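One structure below.
Laboratory data are not the source of any read-out in this text; all were calculated from the coordinates shown. All of these numbers come straight from a predicted model, not from anything done at the bench. Counting neighbours? That spans all protein chains shown, and the Cβs are built from the backbone with ideal geometry, glycine included.
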Amino acid sequence: KVGQKHTAAARYATGMRHTTSLMAHPVTGTLFQVQHGRDQLDTLWPKLFTAQQNGDLPAEEMHVVKEGANWGWPYCYFDGAQKKLVLAPEYGGDGTKPGDCGNKAAPALTFPGHWAPMATAFYSGTQFPAAFRGGLFVSFHGSWNRAPAPQEGFRVVFAPFQGGKAKGTYETFAIPTAG
């Protein structure tokens, strides 16, 4: 709408980084978002992080979008190895300090760093076995930023849901092949 004004009072949720997909669960209507994790830990802070840590630690995140939620970006990022939000080095973090990140909303599900989620779809069809119904498919395009580790993206995963909530696991559903 022309003439809209952004105000903090009208903010629904905050602390998101590079949301690539926003979707509502088809049964519960719960809103979810998937976002890319952070980059360049080793490039910008070589005394604190190795290239391997940059490839592994900053997880990709999926969140339940609730009014007033704050996922902490840019102050916090989810460390996949420690399985917790930690303070970003831009704000005094060293990869271990939680800062006030423990007060931020935790992800509903995380994926390995630099898989780069791009699109999501809840499954409500009947072509696949019943275990797939209500679950979420997530496609990833991968990223050069995993180096020196091998590229791990370029796949579609399935995350089962129960009662409209992520079970906290996922499995690879498809990996494209060349040709």
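Can you pull the one-decimal nm distance between simple spin-label points at GLN127 and LEU48, each 7 Å off the Cα toward Cβ?
Result for the modelled spin labels: 4.6 nm.
Among the listed pairs LYS47/LYS104; LYS66/LYS165; LYS84/LYS165; LYS66/LYS104; LYS84/LYS104, which have their C-alpha atoms separated by more than 21 angstrom in this model?
Over 21 Å Cα-Cα: LYS47/LYS104.
Sequence gap at least 6, Cα distance under 8 Å: using those rules, report the relative contact order of the stretch 1-106 to the nearest whole percent.
Across the stretch 1-106, relative contact order equals 23 percent.
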